Every structure is written in C-alpha cells, then in structure tokens.
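Engineer: After the structure tokens below, expect a handful of questions from me.
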Amino acid sequence: YIKNLAGITDDDISSGYQLEDVFSIMGSDRELFDTSRVVITWGGNDIECLRRECGYPEDDPFGRTPKDVKRIYQTMAEARGYSPRKGHSKALGICGVPWQGRHRHRAAVDAVNAAVMFAYLFEQFRKM
C-alpha cells in the first residue's frame, strides 16, 4: 500500500536510509541550516512514528510538539466556511498556493509543501 501511495520502488527502499540514521541526519541539517527545533508537519503522526520506530532517542534534535499544519488549515477552513476535510494538495489549491514537486506522499516533497502551507497560513495570521 505505502509503495503505491508514495510511488516508491524496491530500489528506492533498498537504497534509502535506515530510520536510525534519519534523526542524526535531520539533526545535523537542523544545525547546519540553523533552523528551529520545531517540526512542521501535515498531520501530527509522522514525527511521533519516527520517534517510536527509533526507540525515542535521547539525542532527539527536535521539540516535543510539532506544528501540525493540517490542524491549523482546518481551523482556518472552518472559520471561512468551507470544508476542512481536504488532503494536502487540495488544501494548498484552495488557498491558491501551487503544489511544489512531482510526487505526493514522498517525504521531501511533502515536507516542502508543509513548509509552504505553514508560511501561507502564518501570513494569513499576520494580516489579522
């Protein structure tokens, strides 16, 4: 199911990173790019699943509570009177923000689009 959803191949899986290495890589990138410890996600389960799979590493480079862009979007949608039940790409479209990248449900593409949506929503709050 996941392979079809994400459009990944067996080669992608065999050449991918071990989950245990992901935290270390992401933590190094966070330091390299001097970013916040706050994780921005579309839906709140991704970072928790990663932590659980990695055994809740003591050197967790991220804050405890992710900013769930999906929930923020749903609140805005309800306030504006339209359906909050939209997927990531449809939610961006409703906001007039183009989807970035070719594949949905690929980690890097989804991460970029979660950040784009967060920036859009943040600007909407600033205008209030």
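The values are calculated or read from the model by the stated rules, or taken from the named source; none is laboratory data. Since the structure is predicted, the reported quantities are computational estimates derived from the model, not experimental observations. Counting neighbours? That spans all protein chains shown, and the Cβs are built from the backbone with ideal geometry, glycine included. Just the protein is used for accessible areas: all its heavy atoms, side chains included, with ligands, DNA and RNA removed. Shrake-Rupley method; radii C 1.70, N 1.55, O 1.52, S 1.80 Å.
Engineer: Among the residues in region 77-85, are any aliphatic (A, V, I, L, M) and either assigned to a helix (DSSP H, G or I) or closer than 25 Å to Thr9 by Cα (or both)? Break it down into steps so the answer makes sense when it comes.
Structural biologist: Within region 77-85, the subset aliphatic (A, V, I, L, M) is 77, 79.
Adding the requirement that they be either assigned to a helix (DSSP H, G or I) or closer than 25 Å to Thr9 by Cα (or both) leaves 77, 79.
Yes, region 77-85 contains a residue that is aliphatic (A, V, I, L, M) and either assigned to a helix (DSSP H, G or I) or closer than 25 Å to Thr9 by Cα (or both).
Engineer: Would you mention how many residues in region 54-72 are open to solvent by 50 Å² or more (accessible area, probe 1.4 Å) and within 19 Å of Arg30 (Cα to Cα)? Can you show your working first?
Structural biologist: The initial filter retains those residues of region 54-72 that are open to solvent by 50 Å² or more (accessible area, probe 1.4 Å), namely 55-56, 58-59, 64-65, 67, 70-71.
Subsequent filtering for residues that are within 19 Å of Arg30 (Cα to Cα) retains 56, 58-59, 64-65, 67.
The number of residues fulfilling the criteria is 6.
Engineer: If you take the residues of region 73-82 that are free of Cβ contacts under 8 Å to residues at least 24 places away in the same chain and within 21 Å of the chain's Cα centre (by Cα), which of them is most open to solvent (accessible area, probe 1.4 Å)?
Structural biologist: Step one: list which residues in region 73-82 are free of Cβ contacts under 8 Å to residues at least 24 places away in the same chain, which gives 74-75, 77-82.
Still in the running and within 21 Å of the chain's Cα centre (by Cα): 74-75, 77.
Details: Gln74: 38, Thr75: 87, Ala77: 0 Å².
So, considering only residues that are free of Cβ contacts under 8 Å to residues at least 24 places away in the same chain and within 21 Å of the chain's Cα centre (by Cα), the one most open to solvent (accessible area, probe 1.4 Å) is Thr75.
Engineer: Look through region 93-112, keep the residues that are in contact with a helix residue (DSSP H, G or I) (Cβ under 6 Å, 6 or more places away or on another chain) and modelled with pLDDT of 85 or more, and return whichever of them is surrounded by the fewest Cβ atoms within 10 Å (Cβ to Cβ).
Structural biologist: Gln100
Engineer: Moving to a separate point now. Being under 18 Å from the mean Cα position of the chain (by Cα), open to solvent by less than 100 Å² (accessible area, probe 1.4 Å) and at positive phi is the requirement here; does Gly7 meet it? Give the derivation first.
Structural biologist: Values: under 18 Å from the mean Cα position of the chain (by Cα): yes; open to solvent by less than 100 Å² (accessible area, probe 1.4 Å): yes; at positive phi: yes.
Here the answer is yes, as Gly7 does meet what is asked.
Engineer: Does Trp42 satisfy the criteria of being in contact with an Asp or Glu (Cβ under 7 Å, 6 or more places away or on another chain) and surrounded by 14 or more Cβ atoms within 10 Å (Cβ to Cβ)?
Structural biologist: Working: in contact with an Asp or Glu (Cβ under 7 Å, 6 or more places away or on another chain): yes; surrounded by 14 or more Cβ atoms within 10 Å (Cβ to Cβ): yes.
Yes.
Engineer: Could you tell me whether Arg51 is over 26 Å from Lys3 (Cα atoms) and of a type in the set (Lys, Arg)?
Structural biologist: Values: over 26 Å from Lys3 (Cα atoms): no; of a type in the set (Lys, Arg): yes.
In short, no.
Engineer: Here's something else I'd like to know. Looking at (1) in a helix (DSSP H, G or I); (2) modelled with pLDDT of 75 or more; (3) more than 21 Å from Phe118 (Cβ to Cβ), which is the one condition that is false for Leu5?
Structural biologist: If we test Leu5 against (1) in a helix (DSSP H, G or I); (2) modelled with pLDDT of 75 or more; (3) more than 21 Å from Phe118 (Cβ to Cβ), just (2) comes out false.
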